[in-house]
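Chemist: Structure in structure tokens, see below.
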Amino acid sequence: MTEDRLLKVLDEALSARVVEELPRAVGRYQFTHALIQETLAEELTITRKVRLHARIAEALEQLYGDAAEAHASELAHHFSEAQTVLGTGKLVHYSRLAGDRALSGFAYEEALVHFERGLVSRGIVLTGSEPAQDAEAAGLLFGLGRSQSGTLDSSQVGEAVTNVTRAFDFYTGVGDVARAVAVAEHRVGVIGAQRFGMAQLVARALELVSPDSHDAGRILAYHGGFLGMDDGDYSGAQEAFSRALDIARRDSDIALETRTLSTAARVDFMHCYWEVSLEKCRRAIELTHHTNDPFAELGANYFAASNLMAMGELEGARLHASAALSAAERLREQSWLGIALWLNESVSSHEGNWQIAREINDRRLLLGPTEILPLCSRVVLEYQIGDFAQGDAYLERVLRAIPTTPPGPTIPQAIVASSMPMAAQIKGAPSGFEVAEAAEAAEAAAEMVLSSPSAMPLVAGFARIGRALLVIQGGNATEAGEQYVALEQLRQRGVWRAPVPNGAVAIDRMLGLLSHTIGILDQVVTHFEDNAAFCRNAGYRPELAWTCCDYADLLLGRNGDGDSEKAGELLDESLAISRELGMRPLMERVLSRREILRA
């Protein structure tokens, strides 16, 4: 119709209140109710709808002209609805552009829809492993892998790695090194990606580029992380990071320097070099003010907080943990948001703020109901406050989730190894576990970690704590001696005195409990005194309360000069903390010890 006729029809619709003008937008209208729009749309035949979408798609494409890319999502929708008339060529083109734009804004779920639609239109299987057929398919598969990386949990990250690899294989096959490098330097997931082949892909990419090129620097920053984290090769990782930093500073690339420092700090932390790691974190955080890299900002703040917790500086850790969560919320990638939440939960658990820890844990479990880390933390939290029914329910969820957890010397396996016996220690069940499968799972996870030559010191430490607790609960003095030697060696790697992530057992208290089991009582005093002093200074109140109770047990059993008086003071301190924090199992334990002391 003519423009005059169109305006007349719109005036009639306005009078009938079918449509209304948009405020502050001349010439734009909307239906007054969604039902009117739906009713009118339903009156159209399928053929009419398809032809209208085709006319709209072509008209909008012509209208937008050179700016069509900015409207890719809208165009992809109309070309999708009209594909029986217009074919799939432009549908696939605009789907890929729309997916890329969604990824640039960290809208992973929206991007996933666009890339899946483009691939389905091309008849490409989403779950296969064969390389892409052409450049268009490779672009779609790379986009799909990046989208999956932002939406899948750690047990599904292998799907993202597979699709990224399909794109990489195509680019290497046709000699497109630039795009192959772009694929290789993309960070897929947080936990477990290397186990699904990402480390091998990055190593292959490194062979494609000149050793001193800028491309090499970008890949080396990623490659060093895999060497240090996956292979346990600390010296190899440091060499890779050193080369990447040299290239970054030679080319004045602040973004590459920031990314390299952030990744290097993570490797240092996992190998228990707290101060070295913290220094790199702080430098990377300074550099993020000059870059737009939320990944580096998140990683630097995450490991700054982790280092500070290991060093007993809880207030500083809280600030960096909050900054890490803020960056993760902007990034909106599920795996990164998950570990940022877990870090903030850990800060709250260390100080005994169970309510805040529970709220954060609830939010974390909404992202991944079967994720091992938050489930294990929740078991320990519920047992700390004496809600054994809830703790048992979460323990059952842990046991169901274990088979889907990637195998190997990983953090999730180490947390299983440590958390299960921690929960038993708190609950005080006669056999150590109410559910026999939990003991078996803890032992299997500890063996998986400790038998691996590539297990990082921090991960080995978590697993070693779990095995030591199992030995203590079994009362075997010979095995306790073996675990004591192994834990003391780990402790000497650095200031390895902080509680593990869910705030339950510090390594110094472990050494004290092992010494008590062995029967070397004077040595026990040293470990408990050291741990109590550290926790008082750091503000780790739950750990301090448990240490005081365990220390009192030693003194009551030894019964030397002044031991009863000292035990009474320790029990009073433990009771005051456990009452204030609502730690019912520990309160009951302390009260029973006080009865023994009075007798």
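Chemist: Mind checking the per residue accessible area of the chain for me, 1.4 Å probe, whole number of Å²?
Modeler: Values: 25640 Å² over 599 residues.
Here the per-residue accessible area is 43 Å².
Chemist: Please work out how much length the chain gains when fully extended from Leu366 to Val9, using 0.36 nm per residue of separation minus the C-alpha to C-alpha distance, in nm with one decimal.
Modeler: So the extension gain works out to 123.6 nm.
Chemist: What order do you get for 1-9, 285-293 when each peptide is scored by the mean count of other beta carbon atoms within 10 Å, highest first?
Modeler: Taking the mean over residues of other Cβ atoms within 10 Å, the ranking is 285-293, 1-9.
Chemist: Sticking with this structure for a sec: Any chance you could look up the accessible area of Glu279 with a 1.4 Å probe, heavy atoms only, rounded to 10 Å²?
Modeler: The value for Glu279 is about 130 Å².
Chemist: How would you order 213-224, 77-88 from highest to lowest mean count of nearby Cβ atoms within 10 Å?
Modeler: Highest to lowest by the protection proxy: 213-224, 77-88.
Chemist: Read through the labelled values (i) 30.6; (ii) 32.9; (iii) 26.5 and report the label of the one computed as mean projected area of the Cα convex hull in nm² from the structure.
Modeler: Derived directly from the coordinates: (ii).
Chemist: How far, in degrees from 0 to 90, does helix 234-250 lean away from the longest principal axis of the Cα atoms of the chain, to the nearest 10?
Modeler: Once rounded, the angle reads 40 degrees.
Chemist: Along the charge dipole of the stretch 503-599, which of Phe528, Thr517, Gly539 sits closest to the positive end, that is, farthest toward it, with unit charges on the beta carbon of Lys, Arg, Asp and Glu (+1, +1, -1, -1)?
Modeler: Gly539
Chemist: So for the pair Thr478, Ala533, with labels modelled 7 Å out along Cα→Cβ, what separation do we get in nm?
Modeler: Label at Thr478, label at Ala533, 3.6 nm between them.
Chemist: Compute the helix-to-body angle for 314-331: its Cα long axis versus the longest principal axis of the chain, expressed 0 to 90° and rounded to tens.
Modeler: 20
Chemist: Then there's this: Based on alpha-carbon centroids, what's the gap between the stretch 234-255 and the stretch 115-175 in Å, whole number please?
Modeler: Value for the Cα centre distance between the two parts: 29 Å.
Chemist: Same structure again: Amide H of Val19: which non-local residues (sequence gap of 5 or more, or other chain) have their own amide H closer than 5 Å, using H built in the peptide plane?
Modeler: Distant-sequence amide H within range of Val19: Leu14, Thr32.
Chemist: As an exercise, use a Förster radius of 30 Å and the Cβ-Cβ distance of Ile596 and Arg400 to find the FRET efficiency, rounded to the nearest 0.05.
Modeler: FRET efficiency, Ile596 to Arg400: 0.15.
Chemist: Now, a different point. Could you please put Ile356, Ile339 in sequence from largest to smallest accessible area, using a 1.4 Å probe?
Modeler: Details: Ile356 65, Ile339 15 Å².
Solvent-accessible surface, decreasing: Ile356, Ile339.
Chemist: FRET efficiency for Leu60 and Glu359, Cβ-Cβ distance as r, R0 = 56 Å, nearest 0.05?
Modeler: 0.80
Chemist: Quote the accessible area belonging to Glu116 in square angstrom, nearest 10, computed with a 1.4 Å probe and with ligands, DNA and RNA left uncounted.
Modeler: 60
Chemist: Scan around Tyr29 for amide H atoms under 5 Å from its own, H built in the peptide plane at 1.01 Å from N, and keep only partners 5 or more places away or cross-chain.
Modeler: The answer is Leu22.
Chemist: Can I ask one more? Placing +1 at every Lys and Arg Cβ and -1 at every Asp and Glu Cβ, with all other atoms neutral, what dipole size does the chain have around its Cα centre, in debye to the nearest 20?
Modeler: With Lys and Arg at +1 and Asp and Glu at -1, about 420 debye.
Chemist: State whether the stretch 500-576 is rounded, prolate or oblate according to the following rule on the C-alpha gyration tensor (a ≥ b ≥ c being the square roots of its eigenvalues): a/c under 1.5 gives rounded; otherwise a/b larger than b/c gives prolate, and the remaining case gives oblate.
Modeler: oblate
Chemist: Using all alpha carbons of the stretch 22-133, what is the percent of pairwise distances in each 5 Å bin, ordered from the shortest bin to the longest?
Modeler: Bin by bin from 0 Å, the calculated values are 2, 11, 16, 17, 19, 17, 10, 3, 2, 1, 0.
Chemist: How do the peptides 513-522, 13-22 rank, highest first, by the average count of neighbouring beta carbon atoms within 10 Å per residue?
Modeler: By packing density, highest mean first, the sequence is 513-522, 13-22.
Chemist: Please say if the stretch 199-302 is rounded, prolate or oblate, where rounded means a/c under 1.5 for a ≥ b ≥ c the square roots of the C-alpha gyration tensor eigenvalues, and otherwise the choice is prolate for a/b larger than b/c and oblate otherwise?
Modeler: Oblate.
Chemist: So how much slack lies between Ser235 and Gln492, counting 0.36 nm per residue of separation and subtracting their Cα-Cα distance, in nm? If you can, show how the numbers build up before the last one.
Modeler: Working: separation 257, 0.36 × 257 = 92.52 nm, distance 1.88 nm.
Length difference between fully extended and current span is 90.6 nm.
Chemist: Give, in nm to one decimal, the length gained when the segment between Glu580 and Ala41 is fully stretched (0.36 nm per residue of separation minus the Cα-Cα distance). List each step's numbers first, then the result.
Modeler: Working: separation 539, 0.36 × 539 = 194.04 nm, distance 6.26 nm.
Full extension of this stretch gives 187.8 nm more.
Chemist: Sticking with this structure for a sec: Using alpha carbons only, how many degrees (0 to 90, rounded to 10) separate the axis of helix 388-401 from the longest principal axis of the chain?
Modeler: Roughly 60 degrees, rounded to the nearest 10.
Chemist: If I model a spin label as a point 7 Å beyond the Cα along the Cα-Cβ vector, how far apart are those points for Glu275 and Asp176 in nm?
Modeler: In this crude label model, Glu275 to Asp176 measures out at 5.0 nm.
Chemist: With θ taken as phi - 60° and the coefficients 6.51, -1.76 and 1.60, list the Karplus ³J(HN,Hα) couplings across the stretch 36-41 in order, rounded to whole Hz; mark glycine and proline as x.
Modeler: Ordered by residue, 3J(HN,Hα) equals 5, 4, 5, 5, 5, 5 Hz.
Chemist: Mean separation of Cα pairs under 8 Å and 6+ residues apart, divided by the residue count of the chain: what relative contact order is that in percent?
Modeler: 8
Chemist: For the chain, what is the mean residue ellipticity at 222 nm derived from helices alone (per DSSP H run of n ≥ 4: -39500 (n - 2.57); sum divided by total residues; nearest 500 deg cm²/dmol)?
Modeler: On the way: 30 runs with 442 residues, N = 599.
It lands at -24000 deg cm²/dmol.
Chemist: Pop the C-beta distance of Ala34 and Thr2 into the FRET formula with R0 = 30 Å and round what comes out to the nearest 0.05. Walk me through the numbers before you get to the answer.
Modeler: Working: r = 29 Å, r/R0 = 0.98.
The computed FRET efficiency comes out at 0.55.
Chemist: Carbon-plus-sulfur fraction of the accessible area of the chain, 1.4 Å probe, in percent?
Modeler: It is 51 percent, rounded to a whole number.
Chemist: Contact order normalised by length for the stretch 152-266, with contacts defined as Cα pairs under 8 Å and 6 or more residues apart; what percent is it?
Modeler: Relative contact order for the stretch 152-266 comes out at 20 percent.
Chemist: Using the charge dipole of the chain (Lys, Arg: +1 at Cβ; Asp, Glu: -1 at Cβ; taken about the Cα centre), state which of Ala160, Gly299, Ala357 has its Cα farthest towards the positive end.
Modeler: Ala160
The values are calculated or read from the model by the stated rules, or taken from the named source; none is laboratory data. What you are looking at is a predicted structure, and each value in this text was computed from that prediction instead of being measured. Note that we place each Cβ from the backbone using ideal geometry, even for glycine, and neighbour counts take in every protein chain shown. In case anyone asks, the SASA skips ligands and DNA or RNA and just uses the protein heavy atoms, side chains included. Shrake-Rupley method; radii C 1.70, N 1.55, O 1.52, S 1.80 Å.
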